[in-house]
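See structure below.
Please treat every number below as a calculation from the coordinates, not as lab data. Just so it is clear, the structure is predicted and the values come from calculations on it, not from any experiment. Using ideal geometry, Cβ is built from the backbone for each residue, glycine included, and neighbour counts are taken over all protein chains shown.
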Ligand code: LHQ
């Protein structure tokens, strides 16, 4: 359900339940989780590239998994979030390596919000983002009610979530919800090149940069300046800083090792 391949330091993960638009069942949750754990542990992996197989990126939770027509007790969706979506979002945000998401087609519900949890989101022009939750009586999850207002402001966040109207990739880029919308045929070449470039970068510094920018959402300037100082001290002690400055002075490309 999740295809995984490592090339040039990039772990490429492809959600792969194409007949269900790559919506999440338990097996796909577990497979993604295992790969995210691997990305955390393996120092040879220096960037992650997440995408979807077929014509969609991910349609959120597999709604066929809990057919209310079959009767039984009402489901505990909080448990699904605790067991699956929330750990996934936390793993993506805490990974000290860049996570690139290549949104190849529709991203709906939790599928949209998993994409938005990634560090750099590039979408094919034909892709759409849908906060589908309100159509079925739910609230935005997988971090959406946190990330949406931060990325695009309360007015747009509320309208998207309350109406469940699809947002085009180009408007998403115009609004700053994502980094770029690119022609469909350029998506994977561009996303792969970007992931490769980041994987060859100063991973320790990139990881600290990611954490600092994330932390800014919840910190005040005074404590943030202290955090920046601590991170810069750590980055300044990295081999990659010495290499970066040496390469600059020698007028040659830097050969970063990621530490
Ligand atoms: C699907 C799905 C799907 C199953 C397409 N499930 N089969 C968290 C905690 C616990 C529980 C609840 O949820 C959550 C978080 C959530 O993610 S809630 C939101 C769940 N997602 C949705 O509500 C989106 C449902 N899907 C759609 O609205 C449409 O499929 C979109 C707009 C994404 C795409 O529309 P189309 O391009 O017209 O494709 P389609 O609807 O024809 O879908 C293709 C196939 O995929 C189709 O199967 P079929 O056998 O008829 O070819 C769909 O039934 C299936 N599929 N999404 N979430």
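Just how far, in whole angstrom, is the stretch 127-203 from the stretch 1-40 if you go by their alpha carbon centroids?
The stretch 1-40 and the stretch 127-203 have Cα centres separated by 19 Å.
Please give the contour-minus-distance gain from residue 252 to residue 6: 0.36 nm per residue of separation, less the Cα-Cα distance, rounded to one decimal in nm.
85.8 nm
Once you put a point 7 Å from the Cα of residue 217 and another 7 Å from the Cα of residue 94, both along the Cβ direction, what distance in nm separates them?
1.6
Could you work out the relative contact order of the stretch 122-176, using alpha carbon pairs under 8 angstrom and six or more residues apart, expressed as a whole percent?
Values: 57 pairs, mean separation 28.4, N = 55.
Averaging sequence separation for qualifying contacts and normalising by length gives 52 percent for the stretch 122-176.
Compute the acute angle (0 to 90°) between the alpha-carbon long axis of helix 26-41 and the principal axis of greatest extent of the alpha-carbon atoms of the chain; round to the nearest 10°.
Result, in degrees: 10.
So how tilted is helix 239-249 from the main axis of the chain? Cα-based, degrees 0 to 90, rounded to 10.
60
Under 8 Å for C-alpha pairs, at least 6 residues apart: give me the relative contact order for the chain, rounded to a whole percent. Could you put the intermediate results ahead of the total?
Numbers: 475 pairs, mean separation 44.5, N = 259.
Relative contact order comes out at 17 percent.
When only Cα pairs under 8 Å and 6 or more residues apart are kept, what is the percent relative contact order across the stretch 158-259?
RCO, the stretch 158-259: 26 percent.
By how many degrees, 0 to 90 and rounded to 10, does the Cα axis of helix 187-199 deviate from the longest principal axis of the chain?
Helix 187-199 and the main axis of the chain meet at about 40 degrees.
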